[in-house]
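Only one structure is covered here, and it is reproduced in the block below.
Taken together, the values in this text are just the output of simple stated rules run on the coordinates, not laboratory data. Being a predicted model, the structure only gives us computed values, none of them experimental. Here the Cβ positions follow ideal geometry from the backbone for every residue, glycine too, while neighbour counts run over all protein chains shown.
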């Protein structure tokens, strides 16, 4: 088990989950979401915001956490 890789993955999972839960209530998140909706329209702005701030961090965090459990270091993940 690689603890640095696991810690980064868990941090990304928690960050993505926090954004998903507070996107409509936290002022800084609401400002980002409103900007995307205003610039791109409601459905496309919401979709891009969700992809960038929620889906990618949760998905990448799950992948990095899985790698950390399987004793794969961060340098191995990013260099191949």
When you check residue 78 against the structure, is it closer than 26 Å to residue 8 by Cα and in contact (Cβ under 8 Å) with a residue 60 or more places away in the chain, yes or no?
no
Being under 15 Å from residue 9 (Cα atoms) and free of Cβ contacts under 8 Å to residues at least 60 places away in the same chain narrows it down to one residue among 41, 68, 61; which is it?
61
Checking residue 18 against (1) free of Cβ contacts under 8 Å to residues at least 12 places away in the same chain; (2) farther than 23 Å from residue 3 by Cα, which test does it fail?
(2)
Spans of helices (runs of 4 or more DSSP H) in the range 14-80 with at least 3 residues surrounded by 14 or more Cβ atoms within 10 Å (Cβ to Cβ):
27-40, 42-50, 56-69
